[in-house]
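Please treat every number below as a calculation from the coordinates, not as lab data. Quick caveat: nothing in here was measured; it's all calculated off a predicted structure. No Cβ is skipped: glycine too gets one built from the backbone with ideal geometry, and neighbour counts run over all protein chains shown.
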Amino acid sequence: MGRGMGARRPVGLEDERFWTALDTLIATSTITIDRPRGSTHPSFDDVRYPLFYGYLAGTSAMDGEGIDVWLGTPEASGRSPASSSPWTWRSATAR
């Protein structure tokens, strides 16, 4: 047993509670895409984003920004965002 842990194990990638909490966070959050697929990195012109990258609005990661997310393709997400402007996708199960 670890210090002060008792019989509880830390939540990790192998723990189903982690994935359930992550699913809940995503289902109840607004995903804001600020770097569409094919766009260039703001600091490195030779770097192109192969997927849609963004963040969960209203969240905060260790870097102080929103929790990072990415979406595979417009077909997979069911949306076709404008190619040059940020867009927001709201989960169908979010309230």
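Numbers below:
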read-out: Likely footprinting exposure, 70, 19, fewest C-beta neighbours within 10 Å first; value: 19, 70
read-out: Under 5 Å, built H, 5+ apart or other chain: amide partners of residue 30; value: 57
read-out: Approximate spin-label separation residue 34-residue 61, in nm, with each point projected 7 Å along Cα-to-Cβ; value: 1.1
read-out: HN-Hα J in Hz across region 52-66 - Karplus 6.51, -1.76, 1.60, θ = phi - 60°, x for Gly and Pro; value: 7, 10, x, 8, 8, 4, x, 10, 9, 8, 4, 8, x, 9, x
read-out: Amide H contacts under 5 Å for residue 69, placed H, 5+ residues apart; value: 54, 55, 56
read-out: Burial ranking of peptide ranges 43-50, 31-38 (average Cβ count within 10 Å, highest at the top); value: 31-38, 43-50
